[in-house]
Amino acid sequence: MTPLLKVESLTKRYGARIGCSDVSFDLWPGEVMGIVGESGSGKSTLLNCMAGHLAPDAGRVMFDTRTEGLQDTITMSEPERRMLGRTDWAFVHQHARDGLRMNVSAGGNVGERLMAVGARHYGEIRDSAEDWLGRVEIDASRIDDRPTAFSGGMQQRLQIARNLVTGPRLVFMDEPTGGLDVSVQARLLDLLRGLVREMGLSAIIVTHDLAVVRLLADRLMVMKDGHVVEKGLTDQVLDDPQHAYTQLLVSSVLQV
Amino acid sequence: MSDYNFAYLDEQTKRMIRRAILKGLAIPGYQVPFASREMPMPYGWGTGGVQVSAATLTPEDRLKVIDQGADDTTNAVSIRKFFERTAGVETTEETAQASVIQTRHRIPEEPLTEDQVLVYQVPIPEPLRFLEPSEIETRKMHALEDYGLMHVKLYEDIARHGQIATAYAYPVKVEGRYVMDPSPIPKFDNPKMSGMAAIQLFGAGREQRIYALPPYTQVVSLDFRDYPFEASKADAPCDLCGAEDSYLDEVIVDDAGGRMFVCSDTDYCRARRAAGHVGAQGKTEDAA
Amino acid sequence: MIEIRDVSKTFTLHNQGSAVIRVMEGASLSVAAGECVALTGASGAGKSTLMRMIYGNYLAASGEILIGGVDVVRAQPREIIRLRREALGYVSQFLRVVPRVPTLDVVAEPLLAVGVDRAAATERARDLLTRLRIPERLWSLSPTTFSGGEQQRVNIARGFAHAYPALLLDEPTASLDAANRDTVLDLIHEAKARGAAIVGIFHDAEARAAVCDRVVDVTGFSPQAAA
């Protein structure tokens, strides 16, 4: 069995400052990995380097492509990387408006990835869009509304539908529940968990919310100052943290 | 002849524009940047087309200029006069007699030949512009043939209007490669672009882009399998010449809702009437 | 099935002067298939700590914990994830679920995770919830809104849904009425009968006596005793 994603010594510097340093891990099919740390710990830099949004200074991000097995996505040509970006990969932004086209209808937003990979039948595209709106619990009657008319939670669910419509194998998520009400967060988490299991998705979730990773992530990496200070099973890291920083992080969370 | 250099522009500028044109012809549908000059007319009046025409014209050429199909509107008359004065070339209103035709928003009805060049005035050369504001991003999308977004626009049309409501500047794909804005011609004219015998050149002055279609280039209008492209026009014959195959303008003739349809291509209509074709209101028109 | 050899556990409190607290040493235990072993000892003696180490929730400092051949102490996270999905069940005292998920789905989830089809998984979930006397009108609601006793029974139903070869039970009969307690004991008997190796913590001596084959006092694993 091959890992779906193999990250090796990934490093990104901003001048003298470290973005992330020497990060390595394997992600296996069906696994959800959480990356936690406070603001500025490098977790978003790491995510963006892995997803091809930022060019790292060193290291490799190997992805198990459908046709050629493990390929380094950093040295891969831009067309290949973009093709990955609209087929096997998905990226869910913290702010839905960064991941949606706000002046395009909900149906058009969901259909874009299909059209990008060659779908040319309006009726079929629309059927898929309706199906996906249903799966993220958006009423089909809203298919022609623009995201500007949606609530924050709906926008985030629409962004997820737009990303998952092509059946990706790996989803990058940057604070997917950030900025949402607690009750809306719960609904979104439930939805994500269901989709992850039904579609056999692998996911990497960056968040500062330990409750989110406890519910969603199988594994956890804790980052501080650009370094991974601890990694392991999510519940083990949270319940029996070994590193000083993790202990501090876990003990700082308000219990409810 | 005046003191102007032939066709207004200096020779170095014309060479620069010709290089852009040749590159455009070599890569059909690709937008070639060029150093657009200030012309003695405002942007939006066809400065791109005028520069391409200036670089194309030779003293032996005969020029025709049309605006919305007509030879006698302000824009067409001004540009024709401009080249009469600065290049001293002959001009004509007859499509078949012209060797260079500069056009705004139409393609003549009469099929063009290998001896002719059609120059389009283009306001916004980037077909992806209204969907993606970043030029860097649109250039990347062209380079990578990342054209899903183009169909999103057509999808939105159908979702909102029940059909592809884009009636002009309808996007096309050239030789299965570049998506191209055909300039704001009615989509009725789109099929004429494909396999045309004449050279087609496109100039956008403000946006500083030139692109081109060599003779007999395949040009396909984008569509969906279940919503195929249709070259639509007003469902009526020309009231003056009776033509059923030409693109029509609707003209309001009185304050009582009276209207008539006439050929947008004035030369085509004139030639047909001269050959004895008469439309429903043609007689009264002649009598008046 | 469950093989524990010379396991020790320390906690290092980095933020409190790096105090090192030794809580267990030389813990060894073997549980065969079809056997149920009860952990006993005073409160704080380390019953739950040992149980959590077996589940991989706490990291053992040394020793081996073999479950079906996998050493939980050294296994990669994905091996433990797989072990938990397929072979190692855990009924904790607290229900931890995503809010909003219906009770029926909460109980069926472990079966869906091992690839049982939805109809069969739901059928098993209905059966368990019925036996544990959770009223059917509650099945479509999230258990997060239930009373403590109801939550615990949902937790038990979930823990027994899939036929894990190894099962950890943390106070499964606490705060249950007699009828439900009997049901849980029946479930444990059934699990033993199909060959599950079980490690449990039972404060209820009667229940312990009813299902357990052996009792291991974890006081014997405390560092003082070993020293």
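Where a number appears in this text, it was derived from the coordinates with a stated rule and is not lab data. Computed from a predicted structure; not experimentally measured. Glycine gets a Cβ as well: all are built from the backbone with ideal geometry, and neighbour counts include every protein chain shown.
Per-residue mean of foreign Cβ neighbours for A:116-122 is 6 (Cβ atoms of other chains, 10 Å radius). Taking θ as phi - 60° and the Karplus parameters 6.51, -1.76 and 1.60, the scalar couplings of segment A:56-70 work out to x, 7, 7, x, 10, 10, 8, 10, 7, 6, 5, 9, 10, x, 5 Hz in sequence order, x denoting glycine and proline. The fewest-to-most ranking of B:F6, B:F130, B:F224 by surrounding Cβ atoms within 10 Å reads B:F130, B:F6, B:F224. In a DSSP loop and with at most 16 other Cβ atoms within 10 Å, the trypsin sites (Lys or Arg not before Pro) in segment A:108-172 are A:R120.
DSSP finds beta bridges in chain A, and of those with both partners inside it, around 55 percent are antiparallel. Computed on chain B, with alpha-carbon pairs under 8 angstrom and 6+ residues apart, the relative contact order is 20 percent. Counting DSSP beta bridges in chain B, what percent are antiparallel, to the nearest 5? Antiparallel bridges: around 55 percent, rounded to the nearest 5. Counting only the Cα atoms, chain A fills a convex hull of 131 Å³ per residue. 3J(HN,Hα) along segment B:141-155, derived from phi through the Karplus expression 6.51 cos²θ - 1.76 cosθ + 1.60 where θ = phi - 60°, amounts to 4, 5, 4, 9, 6, 8, 10, x, 4, 4, 6, 4, 4, 5, 4 Hz, with x in place of Gly and Pro. Placing unit charges on the Cβ atoms only, positive for Lys and Arg and negative for Asp and Glu, gives segment B:11-221 a dipole magnitude near 520 debye about its Cα centre. Note on B:R259, A:R101: ascending count of other Cβ atoms within 10 Å places them as B:R259, A:R101, the fewest first.
Under a model in which nothing but the beta-carbon of Lys, Arg (+1) and Asp, Glu (-1) is charged, segment B:234-279 shows a dipole of about 260 debye around its Cα centre. Think of segment B:11-221 as a dipole: +1 on every Lys or Arg Cβ, -1 on every Asp or Glu Cβ, centred on the Cα centre; then among B:W45, B:I27, B:V117, B:I27 lies furthest on the positive end. Seen against the Cα atoms of chain A and their longest principal axis, helix A:182-199 is set at about 80 degrees. Note on the protein assembly as shown: semi-axes of the ellipsoid equivalent to its C-alpha gyration tensor, largest first and rounded to whole Å, are 75, 29, 18. Between C:V20, C:V116, C:V91, the Gaussian network model of chain C with springs among Cα atoms under 10 angstrom shows the greatest mean-square fluctuation at C:V20.
Dividing the mean sequence gap of close Cα pairs (under 8 Å, 6+ apart) by how many residues chain C holds gives a relative contact order of 31 percent. Placing unit charges on the Cβ atoms of the charged side chains and taking the dipole of chain C about its Cα centre, the candidate lying farthest along the positive direction among C:G195, C:N180, C:G149 is C:G149. In the protein assembly as shown, a dipole from Cβ-located charges (positive for Lys and Arg, negative for Asp and Glu) runs towards its positive end, and of C:I2, A:V136, C:V23 it is C:V23 whose Cα lies farthest in that direction.
Structural descriptor for segment B:123-187: relative contact order 33 percent, calculated from alpha carbon pairs under 8 angstrom and at least 6 residues apart. Between helix A:152-164 and chain A there is an angle of about 90 degrees, using the helix long axis and the longest principal axis of the Cα atoms. Amide H to amide H distances under 5 Å link B:M196 with B:Y216, B:T217, where only residues 5 or more positions off or on other chains count and H is placed in the peptide plane. Take each residue in B:144-154, count the other chain C-beta atoms within 10 Å of its C-beta, and the mean is 6. Per-residue mean of foreign Cβ neighbours for B:168-178 is 0 (Cβ atoms of other chains, 10 Å radius). For segment A:11-140, the dipole from Cβ point charges (+1 on Lys and Arg, -1 on Asp and Glu) about the Cα centre works out to 480 debye, to the nearest 20.
With a threshold of 24 Å on the Cα-Cα distance, the over-threshold entries among A:K231/C:K9; B:K23/B:K173; A:K6/C:K9; B:K140/B:K233; B:K153/B:K233 are A:K6/C:K9; B:K140/B:K233. DSSP bridge analysis restricted to the protein assembly as shown gives an antiparallel fraction near 55%, rounded to the nearest 5. Residues whose amide H comes within less than 5 Å of that of A:T65, counting only those at least five positions distant or on another chain, are A:L70, A:Q71 (H built at 1.01 Å from N in the peptide plane). When you count the other C-beta atoms within 10 angstrom of each residue and take the mean per peptide, B:100-106, C:153-159, B:225-231 line up highest first as C:153-159, B:100-106, B:225-231. Comparing mean-square fluctuations of B:V253, B:V65, B:V50 from a GNM of chain B with C-alpha springs under 10 Å, the top value falls on B:V253.
Per-residue 3J(HN,Hα) values for segment C:31-36, derived from phi via the Karplus relation 6.51 cos²θ - 1.76 cosθ + 1.60 with θ = phi - 60°, read 10, 8, 4, x, 10, 10 Hz in sequence order (x marks Gly and Pro).
For chain B, set up a Gaussian network in which alpha carbons nearer than 10 Å are linked by springs, and say which option among B:E135, B:E84, B:E126 fluctuates the most. Result: B:E135 has the largest fluctuation of those listed.
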